[in-house]
Amino acid sequence: MSFDRDRMDQVRRQRGLWLAALIVAVGCLGSLLLFHGLQGAERAAVERHIHGMASFVEADLLGDLREQINAQQRMATRLALGGIDQGEPWEINAELFLRHYPYYRKLAVLEPDLTVRAVRSGLPPNLAAGDRYPVDVDYRPRLEHAAERGELVITRPERLTDGMPGITFITPIGQGETHSGFLVAVLVIQDSLEAMLPALFRDEFRLRAVHRGREVYPSTALGDVGSQQWDAEFTLDPDGDGEGMTLMLALTEDSRAQLTTVLPNVVLFSGILLSCLLAMVAWLGVNAVGQTRVLGESNRRLENEVHEREQAEETLAFLATHDSLTGLPNRTGSTETIEQLIRRHDGGDRQVALMFLDLDQFKDINDSLGHQLGDQLLCEVPRRLAGVLRDRDLVGRHGGDEFLIAVVRDSRDQVEQLAGNILRTLDGGFAVDDHHLFVSASIGIAYYPDSGRSVAELIQNADTALFKAKHAGRNQFAVFTREMFAQAQHRLNLSRDIRHALEDGDFRVVYQPIVDVDSLELVGLETLLRWQHQKGYMVPPQEFIRVAEETGVIGRLGKFALDQALSDLARWQELVDAPPWIAVNVSGAQAHEAGFAEQVSVMLHQYRIDPELLHLEITEEVLIENLLRNRRMLQKLDDIGMRIVVDDFGVGYSSLAYLKNFPISVVKIDRSFVRDLPTDPEDQAITRTICSLSQELGMRTVAEGVERLEQLELLRKYRCSHAQGFLFSRPVERTEAEAMILGDCGWLDICPPGSRQTVSHNG
């Protein structure tokens, strides 16, 4: 019997080893397949990203080249109509072209026999009038054909006098019988690519350009460019001769690292490890079969497992109704306890009250000192509350930094006195580790049954009262009333209507002029939103903007205003050479969105707008919410070239000292200081100081709410830069703003004779 038992044990061990080996093999194979699948998915995602960016770069470069070719053709047309003998117009056109496209080496006008008639160079010239312009003999037939058909000829790459690769654009002046010569423009390939490619792409990709078999970018390669792995390529062929310039793109190591993850490696390692663990479990399980003969030990083990399961069920039941961090009843547990409390006291004379408590500065503590310290503070709050509550009172954690407190008192005065005691005891400061933290709280109170007959209604209405307490200044309590319910319902309906209005296009943009204080010349336009409700009435901006901020719709609303303003500015750029800048308000939610600066940069590039023409207005309150984060965000915007404006200056933190640490260009003086400026000495002192210090810090000032000539005269005296208000114009529609840009400025007559000065539109 002993021999048979040993043989059976040996067979079981062999079977266990085979099963373990099979599990390891299958698990490793599955992990390897999943590893390759994830790697393939990442490579496909990287390729899609690269080809998408390559398409964008191709379209952008081709658009720029066509714009330059169009400019050359327009110049050739003017030469065909007026001739080179006009002198000054040719010089002016050539100077403007080279200034606008600095990567062109020279412009020249040739006779039909390629003799130089006139030349204009961006660098010291090496040709003079009367010289024979050097053109490869292979291009003579194409030039003769171009003279007949008026087609553009682009030469193959050639080394210029300084060794840089360049190509030559040859445009016929006239065609057929009217042909009178050629316009020649020499482009430096490396300089043009670096100028036309945005910095965002140059940082993300390595670039190589090959034109007709010759490598033309980079002119001096760093490293072995030929061995570089190129991820995407496209060909630019503006003249359609089939021999264009091929551009190859390759992601930099940093960019490629940002697009890939360690997930495939983690999956592979985890799969192999799990396979080994399962194999070990299987092997142990097979061997454990041989131990079933020890019944007594198995019974004891079973009893232990049953006991442990009972303990686990008790633990799970506790965790289902209690918060794991503080040990307080959670939302579910609090609801059950409050329901029991209501059943016990329903119909009695005593007051049953539910308090909704929220810590005011808890988010700042989490952001600045870390979540671990914030968790310790949350654990200290119930201990502090125990000093003013009774043993029968309920304290539960609703979530985050929100607590529910259910109490029964003889009168409402006692409940509200308790709320005041809670606020005072929390205001005393907390010692957590080596930190002494100060937080305040806001409380909303709902009474049963007046404020609701169910726990859900009581919590909702107490939360509504909490909202009022916070907006009333925080560190106080508010009792729910039916008026609050109506206000909350109004906010809910307005939030819904705002979303529908965005989808239906009911919002529109208007503009208020910003003028130079001395010359009264239009220098800028502030973008403002207007909304006519579908029911026909106008919704005040302060009302729908506040609700949009509270409900999270402000980001979509701000993006709509920014997109519409840039679209209008793009049109005005076509009407005048120097359009006024556009000021657009940016909410805190927009400013804190990830990639906000990059989104604005893409929109500017999309509408081809100079970043200096966009002013982003940010309020003081948003600016100082998180100094470190905002400094990084504003620095990105400043690097792009946009102007940063501090809006409503004077009503918040009101210190120019912190502004010097930000890339601020403009300070807007709040209308509350301008309104009584002629009669209030304090407003005069504040306004004069803001203007003086801003000027010393290199910032411009804009006074808001200018309605009277006396205010304007004082602002001139204080050397304020710009002003806006009803004295000049109310906010106007796009067509009226366009008329102002074209010179129809009705406020110019209010300026006293002789005081007007001339300034540019950019101020």
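Quick note: the coordinates plus some simple rules give every number you see, no bench work behind them. None of the values given here were measured: they were computed from a predicted structure. Methodologically, a virtual Cβ is constructed for each residue, glycine included, from the backbone with ideal geometry; neighbour enumeration extends over all protein chains shown.
Quick look at the values:
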quantity	calculated
Count, lysine Cα pairs under 27 Å in segment 506-750, 8 or more residues apart or across chains	8
Computed [θ] at 222 nm, deg cm²/dmol, the chain (DSSP H ≥ 4; -39,500 (n - 2.57); rounded to nearest 500)	-16500 deg cm²/dmol
Per principal axis, descending, Cα span of the chain in whole Å	114, 100, 52
Formal net charge of residues neighbouring Arg734 (Cβ-Cβ distance under 15 Å; K, R +1; D, E -1)	-4
Radius of gyration, Dmax [segment 14-94; alpha carbons; angstrom]	32.3, 104
Computed E for Leu81/Glu177 - FRET, C-beta separation, R0 22 angstrom, nearest 0.05	0.90
Per-residue Cβ neighbour rank within 10 angstrom, fewest leading, Tyr104, Tyr133	Tyr133, Tyr104
Pairs of Cα atoms farther than 18 Å apart, segment 468-601, %	64 percent
Within straight-line cross-link reach of Lys363, lysines at Cα separation under 22 Å, skipping those fewer than 8 residues along the same chain	Lys468, Lys470
Neighbourhood charge, 14 Å Cβ-Cβ cut-off, centred on Gly552 and excluding it, Lys, Arg +1 and Asp, Glu -1	+3
Ascending count of other beta-carbon atoms within 10 Å, so fewest first, for His615, His322	His322, His615
Share of pairwise Cα separations in segment 86-173, more than 22 Å, in percent	27 percent
Reciprocal of mean inverse Cα separation for segment 355-410 (Kirkwood radius, Å)	12.2 Å
Nearest-20 debye value, segment 506-750 charge dipole, Cβ charges on Lys, Arg, Asp, Glu	440 debye
Which of Val109, Phe97, Gly52, positive extreme of dipole for segment 52-256 (C-beta unit charges)	Val109
Segment 52-256 - Rg over Rh from alpha carbon coordinates, Kirkwood radius	0.99
Two-decimal Rg to Rh for segment 542-638 - Kirkwood Rh, Cα set	0.98
Measure of compaction for segment 506-750 (Cα Rg per 2.2 N^0.38 Å)	0.98
For the chain, size of Cβ-based charge dipole, Lys and Arg +1, Asp and Glu -1, in debye	1560 debye
Phe97, Phe438, Phe560 arranged by Cβ crowding within 10 Å, fewest neighbours leading	Phe438, Phe560, Phe97
Average projected area [Cα convex hull, segment 695-745], square nanometres	4.3 nm²
Span-like helix ranges in the chain, DSSP H, alpha carbon extent 27 angstrom or more, Kyte mean at least 1.0	263-289
Cβ-based net charge around Thr315, under 11 Å, with every Lys or Arg adding one and every Asp or Glu removing one	-3
DSSP beta bridges in segment 443-593 [antiparallel fraction, %, rounded to 5]	65 percent
Share antiparallel - DSSP beta bridges, the chain, percent rounded to 5	75 percent
P(r) of segment 262-415 over all Cα-Cα pairs, binned every 10 Å from zero, in whole percent	9, 22, 20, 19, 15, 11, 4, 0
Paired Rg and Dmax values of segment 331-480, which use every Cα atom, in angstrom	15.1, 50
